[in-house]
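K.L.:
One structure is given below, represented as structure tokens, and several questions about it will come after.
The values are calculated or read from the model by the stated rules, or taken from the named source; none is laboratory data. Predicted, not measured: the structure shown is a model, and the values here were computed from it. Every residue, glycine as well, gets a Cβ built from its backbone with ideal geometry; the counts of neighbours run over all protein chains shown.
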Amino acid sequence: MALTRSAPALLYTEDPGGGRRIFLDRLVPGQPSAVSGLVWRTSYPGGDTNWQSNLSVDPLLSHLGLNLGRKAVIQSGGAIRFQGSLGQATRGEPWQLQGPGLAAAVVSATGSGGFMAVESGGNAYNLDAVVTQAIARGLPWTKAGTLPTAGTAASGSTDINGAFDAVGSALAQAWSLSPLGVCSMAALPTAPSYVLRAPQPLTPQMVGYTQAVGLYNNGSATVVITDTTHTDAIAKWGHIEGFYDMTGLGTLSSGTAATYLSNWLTANLAAPSYTNTLSVQYGQLRAVSGTSHNQYGGPVDLGTVRAGCIVTVYDVDPDHSHLLAQGPLQMLVTETEYAADPDVLTLTPAGCIGQDLLSILYQSLAGAL
């Protein structure tokens with residue numbers, strides 16, 4: 001029996017505040033679809049980062065649906081898979097369309113255009129107040145719940161992406177944005193959502209640290225603090241030291257600094273990780289079913305997979321005796337790229353991005369735009 005591939009993806013644009021929806025694949029009467037080469041990407045931390053597509057219409061066409069700044073939405077199977085805006089429409093045969101995703105709204109990589117971390121209480125790291133007030137100023141998000149606070153920084157001293165970075169590093173948490181624009185922040189995931197038998201031989205490399213040194217400000221001096229509590233990791237892989245600078249978090253007590261350093265080390269604890277991307281075709285990625293990794297369900301619609309998931313990967317070394325706990329490697333996916341026409345999903349593991357998981361990931365979100 002042939003496998004059913006992912007549902008067709010549709011691209012439409014709307015006014016920035018909604019309304020006057022125009023499906024771009026229907027711009028040419030009688031043509032099945034004017035849209036081709038549709039690709040969208042997600043990142044973790046973050047969410048929808050950017051998209052691109054071709055559009056086969058007259059190069060001289062003038063149409064409301066192609067106005068710069070309009071909301072761009074990708075829909076598949078009756079559900080929204082991606083939201084962003086139309087940032088560039090280059091005329092040609094075909095047109096080249098592209099734009100940022102909703103997660104890019106808080107990134108000001110060029111010093112302008114991102115939402116700033118300002119709030120009436122004066123603390124840029126009070127994420128709940130910062131995001132709430134940004135929403136009131138037009139940030140097109142909603143919140144799933146109360147966002148956390150860690151440390152202090154002057155209101156307006158960073159953009160919201162930088163505030164997410166600082167708070168996430170201290171608490172070992174990461175922010176995520178759903179395709180509907182719902183923002184939340186939580187601990188890094190640990191339970192696998194998908195199972196994959198590696199499509200090519202993979203060689204894991206060591207990523208992360210077994211111990212850490214940190215700096216913090218106690219109000220009168222800069223203090224050095226160490227964390228060597230992960231004795232099992234040290235015994236397994238030796239002393240691999242990382243550094244966490246907490247001086248930007250304001251004045252901290254010794255207990256708070258120790259907690260933040262422990263959180264940072266937990267998020268960046270040494271482990272073998274894949275350092276190359278994986279291209280997945282339909283039928284290769286399956287949903288986890290039950291509590292056993294040997295129980296998995298049917299093939300996954302690749303267009304629904306987003307960064308921030310854990311994938312259990314079976315490869316040529318099924319036991320991985322060099323792990324702290326033997327078994328298949330579990331890969332944290334930090335970027336996805338889905339190409340709709342060939343129905344191919346590219347997964348980027350955390351090890352591809354760098355050793356300092358949280359800080360490097362926040363930087364990669366800005367770099368992806």
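K.L.:
Spot the failing condition for W264; the list is (1) in contact (Cβ under 8 Å) with a residue 60 or more places away in the chain; (2) surrounded by fewer than 19 Cβ atoms within 10 Å (Cβ to Cβ); (3) not hydroxyl-bearing (S, T, Y), and only one is missed.
P.N.:
(2)
K.L.:
Scan S6, S62, S36 and give me the residue that is closer than 30 Å to L188 by Cα, modelled with pLDDT under 95 and either of a type in the set (S, T, Y) or outside the structural domain of Q173 (by TED's automatic domain parsing) (or both).
P.N.:
Details: S62 fails: closer than 30 Å to L188 by Cα; S36 fails: closer than 30 Å to L188 by Cα.
The match here is S6.
K.L.:
Taking the stretch 258-277 as the search range and keeping residues that are modelled with pLDDT of 90 or more and of a type in the set (A, V, I, L, M, F, W, C), which one is nearest to the chain's Cα centre (by Cα)?
P.N.:
The selected residue is W264.
Condition check ((1) on the phi < 0 side of the Ramachandran plot; (2) in contact with an Asp or Glu (Cβ under 9 Å, 6 or more places away or on another chain); (3) among the small types (G, A, S); (4) without any contact (Cβ under 8 Å) to a residue 60 or more places away in the chain) across all residues:
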| site | (1), (2), (3), (4) |
| --- | --- |
| P100 | yes, yes, no, no |
| G114 | yes, yes, yes, yes |
| N126 | yes, yes, no, yes |
| G151 | no, no, yes, no |
| S155 | yes, yes, yes, yes |
| D159 | yes, no, no, yes |
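K.L.:
Given (1) crowded, with 20+ Cβ neighbours inside 10 Å; (2) in contact (Cβ under 8 Å) with a residue 60 or more places away in the chain, where does R70 come up short, assuming only one miss?
P.N.:
Tallying (1) crowded, with 20+ Cβ neighbours inside 10 Å; (2) in contact (Cβ under 8 Å) with a residue 60 or more places away in the chain, R70 fails exactly one: (2).
K.L.:
Another question, if that's okay. Looking at the structure I just gave you, is G145 surrounded by fewer than 20 Cβ atoms within 10 Å (Cβ to Cβ), part of a loop (DSSP other than H, G, I, E, B) and either among the hydrophobic types (A, V, I, L, M, F, W, C) or more than 21 Å from the chain's Cα centre (by Cα) (or both)?
P.N.:
no
K.L.:
Give the stretch 217-253 a look and list any residue that's among the aliphatic types (A, V, I, L, M), part of a loop (DSSP other than H, G, I, E, B) and more than 16 Å from M206 (Cα to Cα), or say none.
P.N.:
A221, M246, L252
K.L.:
Now for a different question. Name the single residue, out of those in the stretch 148-197 being under 30 Å from G298 (Cα atoms) and among the β-branched types (V, I, T), that is farthest from the chain's Cα centre (by Cα).
P.N.:
Taking the stretch 148-197 as the starting set, the residues that turn out to be under 30 Å from G298 (Cα atoms) are 174-197.
Now drop any that are not among the β-branched types (V, I, T), which leaves 182, 190, 195.
Numbers: V182: 14, T190: 15, V195: 19 Å.
Selected residue: V195.
K.L.:
Anything in the stretch 170-210 that is small (G, A, S) and over 28 Å from V130 (Cβ atoms)? List them, or say none.
P.N.:
Answer for the stretch 170-210, where residues must be small (G, A, S) and over 28 Å from V130 (Cβ atoms): A191, S193, A198, G208.
K.L.:
Quick check on my filter: what residues within the stretch 243-261 are touching a strand residue (DSSP E or B) at 6+ places or on another chain (Cβ under 7 Å), aromatic (F, W, Y) and surrounded by 21 or more Cβ atoms within 10 Å (Cβ to Cβ)?
P.N.:
Y244
K.L.:
Looking at V131 and the list (1) of a type outside the set (K, R); (2) part of a helix (DSSP H, G or I); (3) surrounded by fewer than 22 Cβ atoms within 10 Å (Cβ to Cβ), which single condition is not satisfied?
P.N.:
Of everything listed in (1) of a type outside the set (K, R); (2) part of a helix (DSSP H, G or I); (3) surrounded by fewer than 22 Cβ atoms within 10 Å (Cβ to Cβ), V131 misses just condition (3).
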